[in-house]
Amino acid sequence: MKKQIFTAAIAMFTLVSCTAQTQNIKLPAPEKTGGMPLMEALNNRKTQREFAPRELSQQELSNLLWAASGVNREDGRMTAPTATNAQQIVIFVATKDGVYEYLNQTHELKLHLRGDHREVFAQQQATLFNAPLLLAYVSDWSKMERQPNDEGRKKYSHTDAGNVSQNVYLYCASAGLATVAIGRFDSEQFIKTLNLGSNYYPVLNQAIGFPAN
């Protein structure tokens, strides 16, 4: 266990050190073979709200983000579907060191904001503030030109974010991780903290880590 914690700590230190030099961090190639059989993962899929302090390694983070909405075809399409292939769901990744944007087409992390902002990802749910990793699924409406109005954009944003969240749930079940979706948070405060434009619509957040016991 001590070796695992040390390895994860080194991985996160490397992430922060790389960020000091460049804003784009190339993740290791995701592991696309093996894992738990689908029916077993479905049987093990559940919500957990308590997390151990252990950080995810870079490889675990790479696998998780690729499962969430990574590129799985040569034409750039992804593991999670989006209406009219708009690919409008942006994933923001929050750790104790900063907030990053997942660039799924290049499988990289781009520094968005330094510092610990996990609380804004899980407002009103204090037990989740210290989850090692929080993801936010934010819809970029500028990519939804084929939707004629806000009602349609909201409808498909919620559907598409749900697809991403379920991918994460199944990956976590397969990898022995704990996770919980967070639908109740202050979206206005979230937008203000991350300094997002008016075209961004926060939909759903998700906390991830190792089970507390």
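The values are calculated or read from the model by the stated rules, or taken from the named source; none is laboratory data. Values in this document were obtained by computation on a predicted structure and should not be read as measured data. When we count neighbours, we look across all protein chains shown, and the Cβ atoms used for this are built from the backbone with ideal geometry, even at glycine. For the accessible areas, the whole protein counts, side chains as well, though only heavy atoms, and no ligand, DNA or RNA atoms are used. Shrake-Rupley method; radii C 1.70, N 1.55, O 1.52, S 1.80 Å.
What FRET efficiency comes out for THR159 versus ARG114 if R0 is 30 angstrom and r is the Cβ-Cβ distance? Round to the nearest 0.05.
According to the calculation, E is roughly 0.35.
Cut-off under 15 Å on the C-alpha distance; same-chain residues fewer than 8 positions from LYS154 excluded. Which aspartates and glutamates are left, in chain and number order?
ASP140, GLU145
Please name whichever of ASN167, GLN87, LEU42 sits farthest to the positive end of the charge dipole of the chain, dipole taken about the Cα centre and charges placed at Cβ: Lys and Arg +1, Asp and Glu -1.
LEU42
What share of Cα pairs, in percent, lie more than 16 angstrom apart in region 154-213?
Everything past 16 Å amounts to 54 percent.
In whole angstrom, and with the biggest value first, how far do the Cα coordinates of the chain range along each principal axis?
Here the spans come out as 54, 38, 34 Å, largest first.
Once the piece of chain linking LYS26 and MET39 is laid out straight, how much longer is it, given 0.36 nm per residue of separation minus the C-alpha distance between them?
1.5 nm
What do you get for the angle between helix 2-21 and the principal long axis of the chain? Use alpha-carbon atoms, 0 to 90 degrees, nearest ten.
Helix 2-21 sits at roughly 50 degrees to that axis.
Cross-link candidates for LYS96: which aspartates and glutamates have Cα within less than 18 Å, leaving aside residues fewer than 8 places away along the same chain?
Qualifying aspartates and glutamates at Cα under 18 Å: GLU50, GLU55, GLU60, ASP116, GLU119.
With all distinct Cα pairs included, what does the Kirkwood hydrodynamic radius of region 39-95 come out to in Å, to one decimal, could you say?
13.9
State, as an integer percentage, the relative contact order of the chain based on alpha-carbon contacts under 8 Å between residues 6 or more apart.
Normalised by residue count, the contact order of the chain is 27 percent.
Bins of 5 Å, beginning at zero and ending with the bin holding the largest distance: percent of Cα pairs per bin for region 64-188, please.
Spelled out per bin, shortest first, that is 2, 11, 19, 22, 23, 15, 7, 2, 0.
Taking a probe of 1.4 angstrom, what is the accessible area of HIS107 in Å², to the nearest 10?
HIS107 exposes around 20 Å² with every protein chain in place.
Can you give me the angle between helix 150-175 and the longest principal axis of the chain, using Cα atoms only, in degrees from 0 to 90, rounded to the nearest 10?
Between the helix axis and the principal axis of the chain, the angle is about 20 degrees.
Equivalent ellipsoid semi-axes for region 84-157, as square roots of 5 times the alpha carbon gyration tensor eigenvalues: give them largest first, rounded to whole Å.
26, 16, 8
Under the rule of -39500 (n - 2.57) per DSSP H run of 4 or more residues, summed and divided by the residues of the chain, what mean residue ellipticity at 222 nm is obtained, to the nearest 500 deg cm²/dmol?
Per the formula, -11500 deg cm²/dmol.
Please report the Cα spread of region 31-132 along all three principal axes, rounded to whole Å, starting with the longest.
Principal axes ranked by extent give 39, 34, 26 Å for the Cα atoms.
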